[in-house]
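I have placed the structure first, in the form of structure tokens, so that the comments after it can refer back to it.
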Amino acid sequence: MRVFLITLPLMILSFCCARKEKRTDILPKEKMREVIWDLIRADQYVADYLAKDSTRNKKDESLKLYEQVFHLHKITDNQFKTSLAYYTSQPDLFRPIIDSLAKRKKEFMLPPPAVHPFARDSSRK
């Protein structure tokens, strides 16, 4: 019994401290953030510019842009879907990604700094 009481905490400690194996099929957080950001921008492009063109199919154009984004980031459609499913099933990992995208959108949407229209010409003295 004494041996059991000694080995049980050691076993628990060893399992808790064991290094978690990394999944190679899941994109890292930083890369996932960049891919999602580019997909959002592709959707925005389709909504703002291509939606007005009645000769183009929005769904087909979206799929073409998605493929370009995946090619740009050197990933496949399946890698993205697998990673998205993993991160959405892990809210503690997915929340920082979404929060950083929301912050980035706010920064992206800020107007450029105002330039004083009556700035003095520095070349005239």
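The values are calculated or read from the model by the stated rules, or taken from the named source; none is laboratory data. Source: prediction; values computed, not measured. The area values use the complete protein model at the heavy-atom level, side chains included, leaving out ligands, DNA and RNA. Shrake-Rupley method; radii C 1.70, N 1.55, O 1.52, S 1.80 Å.
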Through the Karplus equation 6.51 cos²θ - 1.76 cosθ + 1.60, θ set to phi - 60°, convert the phi angles of segment 73-81 into ³J(HN,Hα) values in whole Hz; use x for Gly and Pro. 8, 6, 10, 10, 4, 5, 4, 5, 4
Can you send over the solvent-accessible area of residue 55, 1.4 Å probe, protein chains only, in Å² to the nearest 10? 120
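Hey, which of these cross-link pairs are over 29 Å Cα-Cα: 64/105; 74/103; 29/52?
In this structure, 29/52 exceed 29 Å between Cα atoms.
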Which shape class, rounded, prolate or oblate, goes with segment 25-84 when its Cα gyration tensor gives a ≥ b ≥ c as root eigenvalues, a/c under 1.5 marks rounded, and past that a/b bigger than b/c marks prolate? prolate
Grab the Cα-Cα distance for residue 31 and residue 50, subtract it from 0.36 nm times how many residues apart they are, and report the gain in nm with one decimal. 4.1 nm
